Amino acid sequence: MSITVEVGLLSGKTAAVKAAAHERVAELKHRAQIALEVGPGRLVDSHGTVLDASASIKQSGVQSGDSLTLHISRTQACGSSRAFAGILGDGRVATWGHGALGGDSRSIQDQSQDVQQIQASEGAGGAILGDGSVVTWGDVDHGGDSSSVQDQLKNVQQIQASLRAFAAILVDGSVITWGGGGWGGDSHHLQNPLKNQLRGGQQIQATAAAFAAILGDGSVVTWGGAGDGGDSSAVQHQLKHVQQIQASGSAFAARGGDGSVVTWGDAVAGGDSGGVQAQLGNVQQIQATSLAFAALLADGSVVSWGTVGDGGGVQHQLKNVQQIQASEGGGAAILGDGSVDRLKNVQWIQASRRAFAAILGDGSVVTWGAAGSGGDSNAVQNQLKNVQQIQANDCAFAAILGDGSVVTWGKAACGGDSRDVQRQLRKVQSIQASDQAFAAILDDGSVVTWGDNDLVRHVSLPSLHSGGQNVAVLNLNLGSARRRYSKG
């Protein structure tokens, strides 16, 4: 029996989501995330009860017509190479890691009140405050100094970043940029076309050195390094009714309203999808590593393209995977039954530098790409059951299980070995990552880190959760594939 429920965000945005009564709550949640274009969270019923993701919809008592709320964490993915930042419960920013690359925000502490969103370039951070203004910190050459445009940074609703530049979207649809001009920091020639035309939601995406924005009429405008996707003139006539844009290290992929896909930029990084165009129909979602893309189709299969070793060489269609996340080194496709070619139940895709990873409908995990950096999960495969979420850095993975514990694999120095902190990794709510370290946020608001010793030893946990503050840690290096891509 199929049911339809209304799932809403605290912002008021809602979506109608369908599911079968025998399916798990996790599957309903993943569909809601796709429909609402948000990351992981928890489903809460009208009585305020958190639904068990591992239970069936029937067991949870959810019925057709019910209204549910998806509580997403304030965790945000952005990118500084060697630093973390956190939004405390009172809206202040806490940072740690390498100070020169965004780990030292003391210069803006007096200004950083009521922080709403944080974004980061490779070596700097930017925060939107409650009044719509913006503060920045970190390396000047990476956009850490916004003084030249400070008087224009008002009524800002979103920030995006390339490796060395920022773009702020204002309420009126205009865009203000700063940072390296060759990295997308100069958009003066585009100001008139952009004003009052940017779409809501995921309006702008960025590669290492270029930006792409969806306009209100569904067309796309690009700027920044031409070789990194900043020049879309060759495919401009195809960029109509665009619903989503995704970025690899130096290429873009746009999903149209009809489920088609248009790509441009560096062919090596997935900018040429000609070899798989015939398969790219009814695409629901796109994700990327630094040199490859993966598209989730309506039937639950996955088509990937780009550079072999980054997940792009897997040209068979993966069947019905729930969530895919990628790490720097990628790997092999593994099912709970040990098979490689028959992947079933694909619902969601995530990606990092050089591989993809998937959570299947039964809670098992699939990985493929380059085996040396987490693509081979055989050593922990028997532990990867009832997986709720996966995070990745350059060369390791971390998976949160249904009981709140964590399983890691990949290069030990990057966090693939969490044995030293395993006893502390209980009741984990979310995980974020830098290039070579992980930070887990527990249900009491405390933070546990492991991996790169240089980064971990900078952490002063009491300063992050003193006074019972809840911490929303954001990754100042992961998330987008551009963070693991170096030009040249």
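The values are calculated or read from the model by the stated rules, or taken from the named source; none is laboratory data. Computed from a predicted model, the values in this text were never measured in an experiment. So basically every Cβ, Gly included, is an ideal-geometry build from the backbone, and we count neighbours across all protein chains shown. SASA here: full protein model, heavy atoms, side chains in, ligands and nucleic acids out. Shrake-Rupley method; radii C 1.70, N 1.55, O 1.52, S 1.80 Å.
Go through the stretch 412-430 and give me each residue that's surrounded by 21 or more Cβ atoms within 10 Å (Cβ to Cβ) and among the aliphatic types (A, V, I, L, M).
Across the stretch 412-430, the qualifying residues are 425, 428.
What is the residue count in the stretch 369-426 for residues that are of a type in the set (Lys, Arg) and not in a loop (DSSP other than H, G, I, E, B)?
Selection size over the stretch 369-426: 1.
Give the residue, chosen from 208, 254, 213, 278, that is assigned to a loop (DSSP other than H, G, I, E, B) and aliphatic (A, V, I, L, M).
Testing whether each residue is assigned to a loop (DSSP other than H, G, I, E, B) and aliphatic (A, V, I, L, M) leaves just 208.
Does the stretch 229-242 contain any residue that is outside any loop (DSSP other than H, G, I, E, B) and under 28 Å from residue 376 (Cβ atoms)?
no
Here is a list: 412, 433, 440. Which entry is at pLDDT 75 or above, within 30 Å of residue 293 (Cβ to Cβ), more than 20 Å from the chain's Cα centre (by Cα) and hydrophobic (A, V, I, L, M, F, W, C)?
Numbers: 433 fails: more than 20 Å from the chain's Cα centre (by Cα); 440 fails: more than 20 Å from the chain's Cα centre (by Cα).
Criteria check complete, one pass: 412.
So which of 292, 278, 234, 210 ends up being modelled with pLDDT of 90 or more and crowded, with 24+ Cβ neighbours inside 10 Å?
Working: 292 fails: modelled with pLDDT of 90 or more; 278 fails: crowded, with 24+ Cβ neighbours inside 10 Å; 234 fails: crowded, with 24+ Cβ neighbours inside 10 Å.
Checking each option against the conditions leaves just 210.
Failed condition for residue 84, given (1) at pLDDT below 70; (2) in contact with an Asp or Glu (Cβ under 7 Å, 6 or more places away or on another chain); (3) open to solvent by less than 30 Å² (accessible area, probe 1.4 Å), with all others met?
With (1) at pLDDT below 70; (2) in contact with an Asp or Glu (Cβ under 7 Å, 6 or more places away or on another chain); (3) open to solvent by less than 30 Å² (accessible area, probe 1.4 Å) applied to residue 84, the lone miss is (2).
Is there any pair with a first residue in the stretch 384-396 that is at positive phi and not assigned by the TED database to the domain that holds residue 363 and a second that is modelled with pLDDT of 85 or more and surrounded by fewer than 24 Cβ atoms within 10 Å (Cβ to Cβ) whose Cβ atoms are under 7 Å apart and which are 6 or more apart or on different chains, and what are they?
Qualifying pairs under 7 Å: none.
Looking at 358, 333 in this structure, which one is part of a strand (DSSP E or B), touching a strand residue (DSSP E or B) at 6+ places or on another chain (Cβ under 6 Å) and either at pLDDT below 85 or open to solvent by 10 Å² or more (accessible area, probe 1.4 Å) (or both)? Before you say what the answer is, go through the steps one by one.
Numbers: 333 fails: part of a strand (DSSP E or B).
Of the residues listed, the single one that is part of a strand (DSSP E or B), touching a strand residue (DSSP E or B) at 6+ places or on another chain (Cβ under 6 Å) and either at pLDDT below 85 or open to solvent by 10 Å² or more (accessible area, probe 1.4 Å) (or both) is 358.
I'm checking my understanding of the structure. Among residues of the stretch 108-144 that are modelled with pLDDT under 85 and among the β-branched types (Val, Ile, Thr), which one is surrounded by the fewest Cβ atoms within 10 Å (Cβ to Cβ)?
108
Within the stretch 117-151, can you find the residues that are farther than 20 Å from residue 207 by Cα and in a loop (DSSP other than H, G, I, E, B)?
If the condition is that a residue be farther than 20 Å from residue 207 by Cα and in a loop (DSSP other than H, G, I, E, B), then 130, 131, 132, 133, 145, 146 are the ones that fit.
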